[in-house]
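The values are calculated or read from the model by the stated rules, or taken from the named source; none is laboratory data. This structure is a prediction, so every number in the text was calculated from the model and none was measured. Here the Cβ is made from the backbone with ideal geometry for all residues, glycine too, and neighbour counts use every protein chain on show. What goes into the accessible areas is simple: the full protein's heavy atoms, side chains included, and nothing from ligands, DNA or RNA. Shrake-Rupley method; radii C 1.70, N 1.55, O 1.52, S 1.80 Å.
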Amino acid sequence: MVLLSLAISTALASQGVGWAGWNVDFDCIGGPFELGGGAPNIWFAGAAGQPGPWNAVPMRGNVTQRLVGTDLVLQDVMYVGYGMSGAGFYYNDPYNLGDYRRLMNDYNRMFLPRAEFKVTGVRNGWYRVYTYAASPMRVRIPVKISVSGSEFQVVTGPMRPNHFEHLVTHSIHDVHVTNNTIWWVFEKDPWAGPVAINGFQVVPLKESGGSGIREDGWSSALTQGPPWVSMM
């Protein structure tokens, strides 16, 4: 545990001042662990490979909440969810374990054909955004996801227990923020059932010298892995 804490501290320090990321779990606040209650632990890196505190944001619409960054600081960065529906949901998939269960067994429910939310107060620059959108009921309901005007990606489900897979459990967008805001847009077939939106991670990127090459803000030991990650 000491070595793990040291690794997290080293990774946090490598970002530099002001280059924190954010981890957010749409959470059934106060709910039991079986239903995903409680945010993942600080060492859970998710598909993004980004450890740090997870913000437990209530899984409903009309929520505004300040976020704790991966630098462990409560920032002026704000999640604004007024474009989301008014209800969340959860499901006990007993095959999802530990922090994966905390993240993926509960979620915001998207009923309408279009939904959105945003994060404000963000430092301008490049970010890699991971958005989780898969139901623990293991159903296939495609949802289109765009972040800050980027090209839509379609996340389809169904999830495999304790696995992340790009375009099955989550999307990945690289975005250049110029107005201190990151915004998400979701679209689905109006005749399909409700879509699950489980949470998101925002990873700071930085340019390498004058080359224009974008690099993760984390140390090289925590760079992005393959498109699927087993949490077993």
- Message: If you take every DSSP beta bridge fully contained in region 65-199, what fraction is antiparallel? Give it as a percent rounded to 5.
- Response: 95
- Label-point gap, in nm, between ALA192 and ASP174 - each point 7 angstrom along Cα→Cβ: 2.7
- Message: What translational diffusion coefficient, to the nearest whole µm²/s, does region 13-146 have by Stokes-Einstein, given a Kirkwood radius computed over alpha-carbon pairs, a temperature of 10 °C and 1.306 mPa s viscosity?
- Response: 103
- Contour minus Cα-Cα span, THR156 to ASN92, at 0.36 nm per residue, comes to 21.0 nm
- Could you do me a favour and compute the accessible area per residue for region 118-191, 1.4 Å probe, result in Å²? 42
- Simple spin-label model, 7 Å along Cα-to-Cβ: TRP43 to MET78 in nm? 3.6
- Task: Scan region 96-173 for trypsin sites (Lys or Arg not before Pro) in coil per DSSP, keeping those whose Cβ has at most 15 other Cβ atoms within 10 Å, and list them by number.
- Result: ARG123, ARG138, ARG140
- Message: Need one number: nm distance between label points at THR181 and GLU116, each 7 Å from Cα along Cα→Cβ, rounded to one decimal.
- Response: 0.8
